[in-house]
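The values are calculated or read from the model by the stated rules, or taken from the named source; none is laboratory data. This is a predicted model, so every value here is computed, not measured. Cβ: placed from backbone, ideal geometry, glycine included. Neighbour counts: every protein chain shown. Remember, those area values only see protein heavy atoms, side chains included, never the ligands or the DNA or RNA. Shrake-Rupley method; radii C 1.70, N 1.55, O 1.52, S 1.80 Å.
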Amino acid sequence: MRWDGQSLVAEDTSALPGLTRLAGLVRSVQTPEFAGVTFHEIACKSALSRVPAQSGMPFEWTINPTRGCLHQCTYCFARKTHEYLDLDAGRDFDTQIIVKTNVVEVLRRELSRPSWKGEPVALGTNSDPYMRAEGRYRLMPGIIRALADSGTSFSILTKGPLLKRDLPLLQEASASVDVGIGVSLAFADARLQQQVEPGTPTPKARLDLIRAVADAGFECGVMAMPILPWLTDSDEHLDRLFSQLAAAGASGVTTGALHLRPGAREWFLQWLAREYPSLVGRYRDLYNGGSYASKDYRQWLAGKVRKFKLRHGLTDGAAQLRVSATAAARRGAVPPTAEASFEALPVHEPTLF
């Protein structure tokens, strides 16, 4: 991954160890409300990041106001990216959070450039824009207004009920651009959920968020990912989860087996060895040293998921990530499928999936 806007180039002797070469570092902050966490506030050079074409994602651009995450999900694919800051993919990823405090100002500047063609933008693909830190920094209202004012459609994927704060603003934005909203929830068992992702809101809190999004007039797709082999792939768990999602008003659900990229793999297997040591050997066999579960397992899981989707009337749920550039089309801009480039923004980032 390249993080060109925050290149490690110049020494900053006032920074904490591991961040002495972070360009744009303004200050490092610790507060009582976030015990054990350090926020490294930076002045970023870019807000929009292009998604590599080979990713196969239904969007070309993302915005990630932060790097690192308070959710502490043991399986998070983005853990590896912290190593580019000379920080580790485990504890540092959970507690050393990079915040682009000027992201709204930079975004407005980028969206006003003639080279910007109004392609849809996805938020929540590499970091969660509504993790608890958003209550402190309040970056999302400015981002939403900047996108809507420029006629740029966008989608949001989150685990954070804090999104409810911005529902009136999102309703206002949806009058002029397409707005897609998705919630990430893969656990019906609250005890297991808190073991695997201890910094996230409870399943109940996220079900309440789905209801609020639906009540506000939005379709709300759910990312029920990852499904954990031998932990959340049973008939009982999937039936219970899909029943709860349908009752909360989810418009659809997308699932997938646990994906163990380097960085996430090591951290997750350490957790598994502590909590469920009898499963370690089975996981090693199932993944065979790679990132994906075996093809046979994935096909088995897909068949099981289809059964429960049908039972509870749920469709595929990734539609919220496929917002169209309707406003851009109305003003004659180049659609996302056309040949168009944005040379001033070469930043590439991986995505959540």
Distance between modelled label sites at Glu266 and Asp215, nm, 7 Å Cα→Cβ extension: 4.5 nm
Contact order normalised by residue count of the stretch 87-209, Cα under 8 Å, 6+ apart, percent: 23 percent
Carbon/sulfur fraction of accessible area - the stretch 233-281, other protein chains in place, 1.4 Å, %: 50 percent
Full-stretch length increase - Gln171, Thr31 - with 0.36 nm per residue and alpha-carbon distance subtracted: 47.1 nm
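Which net charge results for the neighbourhood of Ala216, defined as the other residues with beta-carbon distances under 14 angstrom from its beta-carbon, given Lys and Arg at +1 and Asp and Glu at -1?
Spelling it out: positives minus negatives among the neighbours equals -2.
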Spin-label model distance (nm) - Gln54 vs Arg109, 7 Å beyond Cα toward Cβ: 3.2 nm
Cβ-derived FRET efficiency at R0 30 Å, Glu275 paired with Glu83, nearest 0.05: 0.75
Sequence of Tyr287, Tyr84 when ordered by accessible area, the most exposed leading, probe 1.4 angstrom: Tyr84, Tyr287
Extended-chain gain in nm, criterion 0.36 nm per residue less alpha-carbon gap, Glu236 and Tyr297: 20.2 nm
Heavy atoms of Asp94 accessible to a 1.4 Å probe, total area in Å² rounded to 10: 10 Å²
Nitroxide proxy distance, nm - points 7 Å out along Cα→Cβ at Gln195 and Arg284: 2.0 nm
Mean projection area, nm², convex hull over Cα of the stretch 173-322: 9.5 nm²
Which of Asp86, Asp316 is most accessible, then next, and so on - probe 1.4 Å: Asp316, Asp86
Proximal aspartates and glutamates to Lys159, defined as alpha-carbon separation beneath 17 angstrom and excluding residues fewer than eight positions away on the same chain: Asp94, Asp128, Glu134, Asp189, Glu197, Asp208, Glu219
Per residue accessible area in Å² of the stretch 259-319, where ligands, DNA and RNA are left out and the probe is 1.4 Å: 60 Å²
The stretch 41-171 - percent of accessible surface contributed by carbon and sulfur, probe 1.4 Å: 50 percent
Accessible-area value, Ile143, 1.4 Å probe, nucleic acids and ligands omitted, Å²: 0 Å²
Over 29 Å (Cα to Cα) - which of Lys45/Lys204; Lys80/Lys304; Lys164/Lys309; Lys100/Lys309; Lys117/Lys309 fall in this group: Lys45/Lys204; Lys80/Lys304; Lys100/Lys309; Lys117/Lys309
Computed accessible area, Arg282, all protein chains, 1.4 angstrom probe, square angstrom: 110 Å²
The stretch 17-155: antiparallel DSSP beta bridges as a percent of all, rounded to 5: 45 percent
Quotient of Cα Rg and 2.2 N^0.38 Å for the stretch 37-77, N being how many residues it contains: 1.46
Within straight-line cross-link reach of Lys307, lysines at Cα separation under 20 Å, skipping those fewer than 8 residues along the same chain: Lys295
